[in-house]
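Contents: one structure, followed by commentary.
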Amino acid sequence: MTQYALDDTDVAVIIGSGPGGATLALQLALKGFRIVMLEAGPWVANEDFVNDERAAFDQLSWTDPRLATGSWALARNFPASPAWMGKVVGGTATFWTGLTPRFKNHEFRTRSVYGEIADASLADWPIGIDELASYYDRAEVAMGTSHRQGRPPMPANNNYKVLANGAERAGYRHYATGPYATNVEEYDGRPGTLQDGFCQQGDKSRAKWSPLVSEIPKALATGQLELRTNSQAVQVTLDAGGRADGVVYADEHGALHRQRAALVAVAGNAIETPRLLMLSGTSAHPDGLANSSGQLGRNYMRHTTGVVYAEFDQEVHMYRGEPMAGIINDESRHDPDRGFAGGYYMEMIAQGLPSFTTFMEPGGWGPDFTAKVEAYTRTAGIWICGEDLPRASNRVTLSATLKDHLGLAAPEVHSDDHENDLAMLEHAYAQGERVFRAAGSRRVTRAPAMPSGHNLGTARMSAAASDGVVNSYGQTHDIPNLFVSDGSIFTTGAAANPTLTIMALVLRQAEYITANHGSI
Ligand SMILES: Cc1cc2nc3c(=O)[nH]c(=O)nc-3n(C[C@H](O)[C@H](O)[C@H](O)COP(=O)(O)OP(=O)(O)OC[C@H]3O[C@@H](n4cnc5c(N)ncnc54)[C@H](O)[C@@H]3O)c2cc1C
């Protein structure tokens, strides 16, 4: 692998190797940029993934201390785990499920379309569907998404057949097994899926797209990228003129190093990204870098979610096959007649027994709980994914008391559900129950949100520097050579699972950096 000296001032430093960071690394490497990527986690090869839910969680996840506060369900049920994120090369997408819907047109213009909503900080994006359409196309090609760009649809597994049967009988018309970023057949040098059920534990077969099997090896092959694993960025440094000029990071032994940089891009996911920029604060930037607007860490969004489980008389075996290759689209519209703004998707969910028992009824016990566990093989599930509203008070801050293994302030994630979120969730639970009852279930269970896999909005994009942290290219308003390349930059969250949009935004960002390299 190529190696760059710590005092080399002509490298771009990218922090994080998930879909955001890896996409940027590949695009810049292809244009001849010299890149150092800092990844806090290790390289775990596909063959070393463990097909055991609990062991896989420990192998791949970010388990450093965190705190959830506020009235959201997670602060009650999992106060030490507000979010589920990866700490591994490939990031969270190493064990994501892979649904890849696009945003809808109105979801870029929520302030205009939904109007003023009290206690929400809605804003229109400075870009819309037209600016992103070609990048969405490219992202779907990169991921090999099913149902798109000439790729075939994902075959239905049994869990999906239950969902589709209920959807049809409930009167829905727009449901399918994708778009889903897993190979149906051989594509991009990787095999088609075996539908073997394991991928949220890392996909040994490489059929599922992730940066680990696509962008990272391709970027390394250019000879332009040096990937430093077990290297956690702890501070972005500035020169006397206020430009980013390096990144201090801790290696696996906790020793600190400083890599000089011509450009820095932070792609640590929407909790670690604002945390790092806050940890980088100086006397000139006491509230963190790129925070002249005061918006850094604010407007945290994580989608309105919950699960509807349903028991059937016959076997479902939800765990067999791709876990989330099923989506009902009909409710993902803005229709205020339902009593709330924005929309939601109903997505198929499959879990192994350890996750099922942990999340189906947190802290559950007793005969009723046991009966539900015993019905596991006859159970199907719908995961609700809806647009939650940004609020200035829903935010990531540095904990005053909790520290990580490096002695750095841990992130505290505060969130209160907006009444719009609660009205949407109630509607979605009821519709999910309707779908499963239509398919013949006699017993349904509502489960609360799991630790958030979709973390958004904490360095939001805005036209005016006073309203957000970055411009439409993810370039911070305050520091021209400091970029954010992950879901932190979402102005609002839409109902769609976010990763395709993260990649589309970063593809656009990479073109901007390449075109304006001399003047950034
Ligand atoms: C179980 C699960 C299922 C999911 N399924 C879907 C789905 O079906 N569809 C969808 O669109 N999305 C899904 N997601 C969300 C998806 O995984 C994320 O949207 C996506 O991975 C975000 O990409 P990212 O690059 O912004 O961040 P990540 O993928 O989280 O990568 C961030 C990386 O940065 C590293 N990092 C953080 N801080 C530092 C630091 N200070 N120094 C060095 N490195 C650092 C982390 O270790 C990590 O590897 C799912 C998430 C989960 C948990």
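Some observations on this one:
- Exposure proxy ranking, count of Cβ atoms within 10 Å, fewest first, for 327, 489, 216: 216, 327, 489
- Rg over Rh, two decimals, segment 345-421 (C-alpha only, Kirkwood Rh): 1.11
- When the charge dipole of segment 251-392 is built from unit charges on Cβ atoms (+1 for Lys and Arg, -1 for Asp and Glu) and taken about the Cα centre, the candidate among 271, 317, 377 whose Cα reaches farthest toward its positive end is 271.
- Note on residue 466/residue 168: beta-carbon distance plugged into 1/(1 + (r/R0)^6) with R0 of 45 Å gives a FRET efficiency of 0.35.
- Residue range of the chain that is longest and free of trypsin sites (Lys or Arg not before Pro) which are both DSSP loop and sparsely packed (at most 10 other C-beta within 10 Å): 174-441
- Links that overshoot a 30 Å alpha carbon limit, given the list 87/372; 31/87; 161/204: 87/372
- Candidates 450, 420, 461 compared by Cα position along the dipole of segment 416-469: farthest toward the positive end lies 450, with charges placed on Cβ.
- Student exercise, segment 243-346 dipole from Lys, Arg, Asp, Glu Cβ charges, in Debye to nearest 20: 740
- Applying the Kirkwood pairwise sum to the alpha-carbon positions of segment 395-447 produces a hydrodynamic radius of 14.5 angstrom.
- Across segment 483-494, coupling constants 3J(HN,Hα) worked out from phi with the 6.51/-1.76/1.60 Karplus curve, θ = phi - 60°, read 10, 10, 10, 8, x, 4, 7, 5, 6, 9, x, 6 Hz, and Gly and Pro carry x.
- Segment 269-400 gives an Rg/Rh value of 1.12, both radii derived from C-alpha positions and Rh following Kirkwood.
- Helical segments meeting 18 Å axial Cα length and Kyte-Doolittle 0.5 threshold in the chain (DSSP H): 499-515
- From the largest down, segment 415-520 spans 65, 26, 21 angstrom on the principal axes of its Cα atoms.
- Mean silhouette area of segment 243-317, derived from the convex hull of its C-alpha atoms and averaged over all directions, reads 9.5 nm².
- Ellipsoid equivalent to the chain - semi-axes via the Cα gyration tensor, in Å: 36, 25, 22
- Each Lys and Arg Cβ is given +1 and each Asp and Glu Cβ -1; about its Cα centre, the chain then shows a dipole of about 400 debye.
- Cα radius of gyration and Dmax for segment 117-245 (Å): 20.6, 66
All of the numbers you see were taken from the coordinates with simple rules; none came from a lab. This structure is a prediction, so every number in the text was calculated from the model and none was measured. Cβ coordinates were reconstructed from backbone atoms using ideal geometry, including for glycine residues, and neighbour counts include every protein chain displayed.
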